[in-house]
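Take a look at the structure below.
The values are calculated or read from the model by the stated rules, or taken from the named source; none is laboratory data. The structure displayed is predicted, hence computed values, not measured ones. Don't worry about glycine lacking a Cβ; one is built from the backbone with ideal geometry, like all the others, and counts go over all protein chains shown. The accessibility values were calculated without ligands, DNA or RNA, using every heavy atom of the protein model including side chains. Shrake-Rupley method; radii C 1.70, N 1.55, O 1.52, S 1.80 Å.
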Amino acid sequence: MWTNWAGTVRASPNRTIWPASEAEVQEAIRTSTGPIKAVGSGHSFTSIAATDGLMVHLDRMSGLVGVDHEACTATVLAGTTIARTNVLLGGHGLALSNLGDIDRQAVAGAIATGTHGTGSRFTGLAGQVVALDLVTAEGEVRRLAGGDTFDAARVGLGALGIVTAVTFRCEPAFLLRAVDRPAGLEETLDGYEDWIGSHDHAEFFWFPHTRRVLTKTSDRVHGPARSLSRGRAWFEDDFMANTVLEQANRLGTRYPRAIPVINAMTVRGLTSREYSDTSHRVFCSPRRVVFPETEFAIPRPALRHVLIEAQRWLATHDEHITAPVEVRAAAGDDAWLSMAYQRDIVYVAFHQFVRRDERRWFAAVEAVMREVGGRPHWGKLHNLAADDLAPRYPRFADFLAVREALDPERRFTNTYLRRVLGS
Ligand SMILES: Cc1cc2nc3c(=O)[nH]c(=O)nc-3n(C[C@H](O)[C@H](O)[C@H](O)COP(=O)(O)OP(=O)(O)OC[C@H]3O[C@@H](n4cnc5c(N)ncnc54)[C@H](O)[C@@H]3O)c2cc1C
């Protein structure tokens, strides 16, 4: 039995393998019949990685293949986690330009769903990919570094084959100066475009039932690093963000009507802080509170409307939410199924504590984000199907054509892909 990180998806593959080389992946594809699914670290909230056929874990295909210092690129095996990639690149004086909140995902799993961080001038991970090695349904290896198949395969949903290696465009290792500051929701929305444009990376967390946010910015700086002491970093990023949040969530689960008070107390306790550290230590932090999540990429001008509608819905329904809403920006990119395809967007993510039912809250905010043309994160909960998604992606039909050419028998499909791709 396989389960995802949140414990919300279970699957019973009829066979599970851990190939150690590209040749073993080819062999597995050529000698098996029936559905095949590569799986990363199981951190998707959707059932995108589930299968009842052959499950292929790439954990043993982890490590650095090579670095091209002149081109500032690095190639890692597909099962390498982001955390290990950061360490391996750091050893060569390199770093990825922009990362999400955590570093547990495998690189191939992360890019397959369009995993992103924040930064109005920066793309998500798939936008940082310059080449991929893909083993097709025929067991052939394709080295993709441009062209239609490459543009389809970067955010490939695991639907086109098994990726065995990924080449990233990097930048010289850098420090980020991080500033966290509590602020009002209105003032943050009023100056949003200017604010995100004046920082390399900027995001905010809105606390439902309040009009307060925690803003977080980070910008490239020269050293020396002025990092938080280990004790303070653990206290704020691990203990407060996990243990205390878990307790607040448990309390809110027992006494849901007390949640607005709990949130009001939480925002009163928010404080400012400033530090600098190696980029990936600023981008990523541990997440141990288990939650389901939905997230959509929406046009930036629609942000205020979406948050106002979410507030209005909470004010008129007997539903109380502890988990902060996370708002991040990204530059448009050119991967066909990227949520930011040819659009500068803002990601709005809604969470719920795992012990509480998220469905009413997620359905309400999904309706608003659909209406403004939002594109759901492929790895986070949503109810859209192929007919809803096709008009949101100008190259959707082209993606299906590439898939038809590479996998006409749909060996890499599963229930989720049948829903979102139509077969
Ligand atoms: C705590 C937490 C925090 C998160 N934070 C963020 C965030 O900040 N930003 C964000 O955008 N997302 C975030 N996510 C979502 C997460 O990044 C994505 O769901 C990501 O796809 C998970 O990567 P994974 O390695 O676990 O892939 P899995 O969930 O295991 O698989 C995802 C897809 O990738 C495919 N795949 C995996 N390996 C291969 C391969 N070798 N070849 C072809 N296809 C493959 C699978 O078949 C599947 O379709 C978060 C999730 C969690 C649980």
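So, in region 139-164, of the ones that are in contact with a strand residue (DSSP E or B) (Cβ under 6 Å, 6 or more places away or on another chain) and within 9 Å of the ligand (Cβ to nearest atom), which residue ends up farthest from residue 380 (Cα to Cα)?
Let us first name the residues in region 139-164 that are in contact with a strand residue (DSSP E or B) (Cβ under 6 Å, 6 or more places away or on another chain), namely 141-145, 150, 153-154, 158, 161-164.
Narrowing further to those that are within 9 Å of the ligand (Cβ to nearest atom): 153, 158, 161-164.
Working: 153: 19, 158: 15, 161: 21, 162: 21, 163: 21, 164: 24 Å.
Looking at the filtered set, the residue picked out is 164.
Test of understanding: among 112, 78, 71, which residue is of a type in the set (Gly, Ala, Ser) and over 19 Å from the mean Cα position of the chain (by Cα)?
Working: 112 fails: over 19 Å from the mean Cα position of the chain (by Cα); 78 fails: over 19 Å from the mean Cα position of the chain (by Cα).
Unique residue meeting the criteria: 71.
Mind checking which pairs have a first residue in region 174-192 that is at negative phi and modelled with pLDDT of 95 or more and a second that is part of a helix (DSSP H, G or I) and not hydrophobic (A, V, I, L, M, F, W, C), Cβ under 6 Å, 6 or more apart or different chains?
Here the result reads 174/279; 176/279; 189/304, each pair linking region 174-192 to a residue that is part of a helix (DSSP H, G or I) and not hydrophobic (A, V, I, L, M, F, W, C).
For region 35-71, what are the residues that are within 25 Å of residue 130 (Cβ to Cβ), open to solvent by less than 20 Å² (accessible area, probe 1.4 Å) and in a loop (DSSP other than H, G, I, E, B)?
Selection gives 58, 61, 63.
Quick check on region 368-385: of everything there that is open to solvent by 30 Å² or more (accessible area, probe 1.4 Å) and closer than 16 Å to residue 358 by Cα, which residue is farthest from the ligand (Cβ to nearest atom)?
383
Is region 239-258 home to any residue that is acidic (Asp, Glu) and not in a strand (DSSP E or B)? Please lay out each step first, then the result.
Of all residues in region 239-258, those acidic (Asp, Glu) come to 246.
Now restrict to residues that are not in a strand (DSSP E or B): 246.
Yes, some residue in region 239-258 is acidic (Asp, Glu) and not in a strand (DSSP E or B).
Within region 73-83, identify whether any single residue is part of a helix (DSSP H, G or I) and either open to solvent by less than 10 Å² (accessible area, probe 1.4 Å) or within 12 Å of the ligand (Cβ to nearest atom) (or both), and answer yes or no. Give the derivation first.
Here is the first cut: in region 73-83, the ones part of a helix (DSSP H, G or I) are 82-83.
Now narrow it down to the ones that are either open to solvent by less than 10 Å² (accessible area, probe 1.4 Å) or within 12 Å of the ligand (Cβ to nearest atom) (or both): 82-83.
Within region 73-83 (the criterion being part of a helix (DSSP H, G or I) and either open to solvent by less than 10 Å² (accessible area, probe 1.4 Å) or within 12 Å of the ligand (Cβ to nearest atom) (or both)), the answer is yes, since at least one residue qualifies.
How many of the residues making up region 84-106 are among the β-branched types (Val, Ile, Thr) and more than 8 Å from the ligand (Cβ to nearest atom)?
The first filter runs over region 84-106 and keeps only residues among the β-branched types (Val, Ile, Thr), leaving 85, 87, 102.
Those still in the list that are more than 8 Å from the ligand (Cβ to nearest atom) too: 85, 87.
Looking only at that region, the number is 2.
Is it true that some residue in region 129-138 is within 12 Å of the ligand (Cβ to nearest atom) and farther than 20 Å from residue 417 by Cα?
Yes, that holds for at least one residue.
Give 354, 372, 365 a once-over and let me know the one that is among the hydrophobic types (A, V, I, L, M, F, W, C) and modelled with pLDDT under 95. Spell out how you get there, then give the answer.
Working: 372 fails: modelled with pLDDT under 95; 365 fails: modelled with pLDDT under 95.
Residue meeting the stated conditions: 354.
Pairs needed: first member in region 151-162, over 20 Å from residue 45 (Cα atoms); second member anywhere, more than 6 Å from the ligand (Cβ to nearest atom) and β-branched (Val, Ile, Thr); C-beta distance under 6 Å; at least 6 residues apart or different chains.
From residues that are over 20 Å from residue 45 (Cα atoms), the pairs are 152/402; 161/135; 161/136; 162/25; 162/135.
Here are 258, 315: which of them is over 23 Å from residue 202 (Cβ atoms), over 17 Å from the mean Cα position of the chain (by Cα), open to solvent by 40 Å² or more (accessible area, probe 1.4 Å) and of a type in the set (A, V, I, L, M, F, W, C)? Please lay out each step first, then the result.
Details: 258 fails: open to solvent by 40 Å² or more (accessible area, probe 1.4 Å).
Residue meeting the stated conditions: 315.
Inspect region 119-128 for any residue being of a type in the set (D, E, K, R), more than 14 Å from the ligand (Cβ to nearest atom) and open to solvent by 40 Å² or more (accessible area, probe 1.4 Å) and give the result as yes or no. Give the derivation first.
Here is the first cut: in region 119-128, the ones of a type in the set (D, E, K, R) are 121.
Subsequent filtering for residues that are more than 14 Å from the ligand (Cβ to nearest atom) retains 121.
Pick out the ones that are also open to solvent by 40 Å² or more (accessible area, probe 1.4 Å) and you get 121.
Yes: one or more hits.
Please give the number of the condition residue 412 fails out of (1) aromatic (Phe, Trp, Tyr); (2) within 13 Å of the ligand (Cβ to nearest atom); (3) touching a His at 6+ places or on another chain (Cβ under 9 Å).
Of everything listed in (1) aromatic (Phe, Trp, Tyr); (2) within 13 Å of the ligand (Cβ to nearest atom); (3) touching a His at 6+ places or on another chain (Cβ under 9 Å), residue 412 misses just condition (3).
Out of (1) touching a Ser or Thr at 6+ places or on another chain (Cβ under 8 Å); (2) open to solvent by less than 20 Å² (accessible area, probe 1.4 Å); (3) outside any strand (DSSP E or B); (4) farther than 27 Å from residue 413 by Cα, the odd one out for residue 88 is which?
(2)
Has region 285-307 got any residue that is within 26 Å of the chain's Cα centre (by Cα), among the hydroxyl-bearing types (Ser, Thr, Tyr) and surrounded by 14 or more Cβ atoms within 10 Å (Cβ to Cβ)? Show your work before the answer.
From region 285-307, those within 26 Å of the chain's Cα centre (by Cα) are 285-307; that's our starting set.
Those left that are additionally among the hydroxyl-bearing types (Ser, Thr, Tyr): 285, 294.
Then drop every residue that is not surrounded by 14 or more Cβ atoms within 10 Å (Cβ to Cβ), which leaves 285, 294.
There is at least one residue in region 285-307 that is within 26 Å of the chain's Cα centre (by Cα), among the hydroxyl-bearing types (Ser, Thr, Tyr) and surrounded by 14 or more Cβ atoms within 10 Å (Cβ to Cβ).
Exactly one of these conditions fails for residue 343: (1) under 14 Å from residue 306 (Cβ atoms); (2) buried (at least 16 other Cβ atoms within 10 Å of the Cβ). Give me its number.
(1)
Scan (1) open to solvent by 30 Å² or more (accessible area, probe 1.4 Å); (2) of a type outside the set (A, V, I, L, M); (3) within 22 Å of the chain's Cα centre (by Cα); (4) within 16 Å of the ligand (Cβ to nearest atom) for the single condition residue 243 breaks and write down its number.
Failing condition for residue 243: (3).
What pairs can you find where one residue is in region 238-261 and at pLDDT below 80, the other is among the polar types (S, T, N, Q), and their Cβ atoms are less than 7 Å apart, with a gap of 6+ or different chains?
Here the result reads 241/285; 248/266; 248/322; 249/322; 252/322, each pair linking region 238-261 to a residue that is among the polar types (S, T, N, Q).
Mind listing whichever residues of region 1-15 are within 13 Å of the ligand (Cβ to nearest atom) and either in contact with a His (Cβ under 8 Å, 6 or more places away or on another chain) or open to solvent by 80 Å² or more (accessible area, probe 1.4 Å) (or both)?
So the first thing to find is which residues in region 1-15 are within 13 Å of the ligand (Cβ to nearest atom), and the list is 2-9, 11, 13.
Of everything in region 1-15, those that are within 13 Å of the ligand (Cβ to nearest atom) and either in contact with a His (Cβ under 8 Å, 6 or more places away or on another chain) or open to solvent by 80 Å² or more (accessible area, probe 1.4 Å) (or both) turn out to be 4, 5.
Looking at residue 131, is it out of contact with any Asp or Glu (no Cβ under 7 Å at 6 or more places or on another chain) and part of a strand (DSSP E or B)?
On the way: out of contact with any Asp or Glu (no Cβ under 7 Å at 6 or more places or on another chain): yes; part of a strand (DSSP E or B): yes.
Criteria met by residue 131.
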